[in-house]
Ligand SMILES: [Zn+2]
């Protein structure tokens, strides 16, 4: 029998261009305290802790072990780490809760892009034989995808600019976002993508608490139940993939049950405007679905946390009663190579 | 307290030595010889660049074919500001190119005068690098190709792929991939305060507001309690060797004679031992409980090493919790 597991709390930093006055643990710790405070739990009450981060971003070896200082890992805790976005750490925590070993899990992730050049850092995740020696940066690869979409008539530059404008307008109500309100669309970075089509580079952290069954109901007035979650990956070689589509997103969504009933909200992890076009198509999102009311990754994209934040934002809307059924998506790798989809639901609301 | 946070350039640079599988070896050796090889999948598609395993079925694939050095752009992006390490240092187009005879596309650069000279569907050919070693960079870039056909000289536009045994003289079996990333490193608030104090020959830790332990060096959080530390506490300068090891291998770029002793030192007032080198005493006379103090060299921003104070050894009971 499958256990019911829910997101019961979410917290995030204010995402900023730089946080140089803070070490990673100094940046992360307030978020951990906030998410624990929301449930009244202490570290010692948490059954499993899982985090996501990458040492390459800030150039700090073993930074995830130092980040554990912020958790308070004594007496020894049950803990794991993924060198991926925190959404995948959440997936691991969800499977851990499914086993019945424990009832609560803390998931966090953080990224400090400000010390390095993230466009170059991300080239190091590419095929080391045929691709990485050419140093194709993250914007260049996204631009190849955007061009393919334009050439095949799925979008055009004004439509992409509209995605950027809508995202940052919506982010006006998100005090954590880095880019809010009216932001000039700017010059080409790599044509056809302009500055406005690209996510802001910045630092930030996020944390989520998961709980199972009645424990979730105790900790949260309206838990965001994870009805399904799945992740799928495509071939790493860009030339093998159909860049205008995202079959891995579609399959993950299918496995997560996203197509069984319509969702009212979708938090999509689309760092580039053109990627929202691909995801809307793959997820068959109609105009009646509220997409990225938080502003999405175009408003704040702390790498390694931005995917977890999508799940957190979707869950928070359910907590607040603003959504009944929401889809959350996270991505990893160039041009939406790997995709995770979660479907979250709140229990029916009754008149008071 | 607000002080300017320390920052320093940090370069992380290393060569990755990678061995090649049989398909990668044939492909990269082929590039050195100006021959482009693809690999056939079970369903009859030709992958260029070729891989060791079928991306759909994961089957091992080994049937190599030779494709043309000419092809068609399937998508492109104009890069007006080339970055370090990229194939060209003048503005160029990133392209995915499906070579004639291949079913998949290869990522590379296209040399062109400007974005108006590039379009999806344009015909291009390989411009070979003058010096080739068996690497993807043996293709210097692509350039526009005006010929009608596929460049194989038979005058027809299609390209018949020919089987190839993948064998060349002196096969390339590995590559050395250089990686360099540049950072501006900042240690954060707590460690900045610690480092600044060291330069003034003071050792300053931080006390946990919960368990009252004093951490030296401070990292801004108590790892036991998971809470922030802020209260600064000066410790030392005297301390006790809690444990040590004898180093017998000379480190590169380190001008210290071996053998020498590297020790955990519990500074007076600290609840965590830090580590440092012990000098001013023969290596085989260092012992647990030895009382030491830091030695700053002229102009040094941190202790060069620790030396014996001459005090009687500390009683084991006084430092056993810090082991
Ligand atoms: Zn403490």
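The values are calculated or read from the model by the stated rules, or taken from the named source; none is laboratory data. Just so it is clear, the structure is predicted and the values come from calculations on it, not from any experiment. When we count neighbours, we look across all protein chains shown, and the Cβ atoms used for this are built from the backbone with ideal geometry, even at glycine.
Based on what the data block shows, is residue A:67 under 20 Å from the mean Cα position of the chain (by Cα) and over 14 Å from residue B:227 (Cα atoms)? It is false that residue A:67 is under 20 Å from the mean Cα position of the chain (by Cα) and over 14 Å from residue B:227 (Cα atoms). Listed here are the strands (runs of 3 or more DSSP E) enclosed by region B:206-323 that have at least 3 residues being under 30 Å from residue A:37 (Cα atoms): B:231-235.
Just a yes or no: is a residue in region B:264-271 buried (at least 19 other Cβ atoms within 10 Å of the Cβ), within 12 Å of the ligand (Cβ to nearest atom) and in contact (Cβ under 8 Å) with a residue 12 or more places away in the chain? Scanning region B:264-271, I find at least one residue that is buried (at least 19 other Cβ atoms within 10 Å of the Cβ), within 12 Å of the ligand (Cβ to nearest atom) and in contact (Cβ under 8 Å) with a residue 12 or more places away in the chain, so the answer is yes. What number goes with the only condition from (1) more than 21 Å from residue B:80 (Cα to Cα); (2) in contact with a strand residue (DSSP E or B) (Cβ under 9 Å, 6 or more places away or on another chain); (3) buried (at least 20 other Cβ atoms within 10 Å of the Cβ) that residue A:190 does not pass? If we test residue A:190 against (1) more than 21 Å from residue B:80 (Cα to Cα); (2) in contact with a strand residue (DSSP E or B) (Cβ under 9 Å, 6 or more places away or on another chain); (3) buried (at least 20 other Cβ atoms within 10 Å of the Cβ), just (1) comes out false. So which residues in region A:193-211 are within 26 Å of residue A:31 (Cα to Cα) and either modelled with pLDDT under 95 or crowded, with 24+ Cβ neighbours inside 10 Å (or both), if there are any at all? Answer for region A:193-211, where residues must be within 26 Å of residue A:31 (Cα to Cα) and either modelled with pLDDT under 95 or crowded, with 24+ Cβ neighbours inside 10 Å (or both): A:199, A:202, A:203, A:204, A:205, A:206, A:207, A:208, A:209, A:210, A:211. Only residues that are more than 21 Å from residue A:17 (Cα to Cα), outside any helix (DSSP H, G or I) and more than 20 Å from the chain's Cα centre (by Cα) were counted across region A:94-147, and they come to 14.
In a residue-by-residue description of region A:91-109, the property of being buried (at least 19 other Cβ atoms within 10 Å of the Cβ), at pLDDT below 95 and away from the ligand (no atom under 16 Å from the Cβ) applies to no position. Taken together, the residues in region A:19-43 that are within 11 Å of chain B (Cβ to nearest Cβ) and in contact with a strand residue (DSSP E or B) (Cβ under 9 Å, 6 or more places away or on another chain) amount to 15.
The rows are residues; the columns are (1) part of a strand (DSSP E or B); (2) free of Cβ contacts under 8 Å to residues at least 60 places away in the same chain; (3) in contact with a helix residue (DSSP H, G or I) (Cβ under 8 Å, 6 or more places away or on another chain).
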residue	(1), (2), (3)
A:186	no, yes, yes
A:190	yes, yes, yes
A:196	no, no, yes
A:201	no, no, yes
A:206	yes, no, yes
A:209	yes, no, yes
A:225	yes, no, yes
A:236	no, no, no
A:250	no, yes, yes
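Residues that are touching a helix residue (DSSP H, G or I) at 6+ places or on another chain (Cβ under 6 Å) and closer than 19 Å to residue A:278 by Cα were ranked within region A:313-328; the one that is surrounded by the fewest Cβ atoms within 10 Å (Cβ to Cβ) is A:326. Please go through region A:44-64 and pick out each residue that is within 22 Å of the chain's Cα centre (by Cα), within 12 Å of chain B (Cβ to nearest Cβ) and farther than 24 Å from residue A:121 by Cα. Residue satisfying the conditions is A:49 alone. Is there a residue being surrounded by 24 or more Cβ atoms within 10 Å (Cβ to Cβ) and under 21 Å from residue A:205 (Cα atoms) anywhere in region A:252-265? For region A:252-265, residues surrounded by 24 or more Cβ atoms within 10 Å (Cβ to Cβ) and under 21 Å from residue A:205 (Cα atoms): absent. Selection of region A:120-144 for residues being without any contact (Cβ under 8 Å) to a residue 24 or more places away in the chain and more than 7 Å from chain B (Cβ to nearest Cβ) yields only A:123. Scanning region A:76-119 for residues that are within 14 Å of chain B (Cβ to nearest Cβ) and free of Cβ contacts under 8 Å to residues at least 24 places away in the same chain gives A:76, A:117, A:119.
Which helices (runs of 4 or more DSSP H) does region A:1-68 wholly contain that include 3 or more residues that are in contact (Cβ under 8 Å) with a residue 40 or more places away in the chain?
Where helices (runs of 4 or more DSSP H) fall fully within region A:1-68 and carry at least 3 residues being in contact (Cβ under 8 Å) with a residue 40 or more places away in the chain, they are A:24-39, A:55-58.
For region B:225-238, taking the residues that are more than 13 Å from residue B:206 (Cα to Cα) and in contact with a helix residue (DSSP H, G or I) (Cβ under 9 Å, 6 or more places away or on another chain), the one that is nearest to the ligand (Cβ to nearest atom) is identified as B:225. Under the condition of being more than 10 Å from the ligand (Cβ to nearest atom) and crowded, with 21+ Cβ neighbours inside 10 Å, the residues counted in region B:215-224 number 4.
One residue stands out among those in region B:170-213 that are closer than 30 Å to residue B:21 by Cβ, more than 10 Å from chain A (Cβ to nearest Cβ) and touching a helix residue (DSSP H, G or I) at 6+ places or on another chain (Cβ under 7 Å): the one that is nearest to the ligand (Cβ to nearest atom), which is B:173.
Among all positions in region B:50-73, there is at least one residue which is under 18 Å from residue A:191 (Cβ atoms) and within 12 Å of chain A (Cβ to nearest Cβ). Filtered by the rule that a residue be part of a helix (DSSP H, G or I) and touching a helix residue (DSSP H, G or I) at 6+ places or on another chain (Cβ under 6 Å), region A:160-184 gives A:160, A:163, A:164, A:167. All conditions in (1) over 14 Å from residue B:100 (Cα atoms); (2) in contact (Cβ under 8 Å) with a residue 40 or more places away in the chain; (3) within 12 Å of chain A (Cβ to nearest Cβ) hold for residue B:46, with the sole exception of (1). For region A:151-177, filtered to residues that are crowded, with 20+ Cβ neighbours inside 10 Å and within 14 Å of chain B (Cβ to nearest Cβ), the residue that is farthest from the chain's Cα centre (by Cα) is A:155.
Restricting region B:214-245 to residues that are under 26 Å from residue B:287 (Cβ atoms) and free of Cβ contacts under 8 Å to residues at least 40 places away in the same chain leaves a set whose member that is nearest to the other protein chains (Cβ to nearest Cβ) is B:235. Taking the listed residues A:310, A:232, A:284, A:222, the one that is buried (at least 24 other Cβ atoms within 10 Å of the Cβ) and at pLDDT 95 or above is A:310, with no other qualifying.
Pairs linking a residue in region B:25-39 that is in contact (Cβ under 8 Å) with a residue 60 or more places away in the chain to a residue that is part of a helix (DSSP H, G or I), with Cβ atoms under 6 Å and 6 or more positions apart or on different chains, are B:31/B:138; B:32/B:138; B:37/B:26; B:37/B:27; B:37/B:30. Just to be sure, is residue A:124 within 27 Å of residue A:313 (Cβ to Cβ) and either touching a strand residue (DSSP E or B) at 6+ places or on another chain (Cβ under 9 Å) or at pLDDT 95 or above (or both)? For residue A:124, the condition - within 27 Å of residue A:313 (Cβ to Cβ) and either touching a strand residue (DSSP E or B) at 6+ places or on another chain (Cβ under 9 Å) or at pLDDT 95 or above (or both) - is not met.
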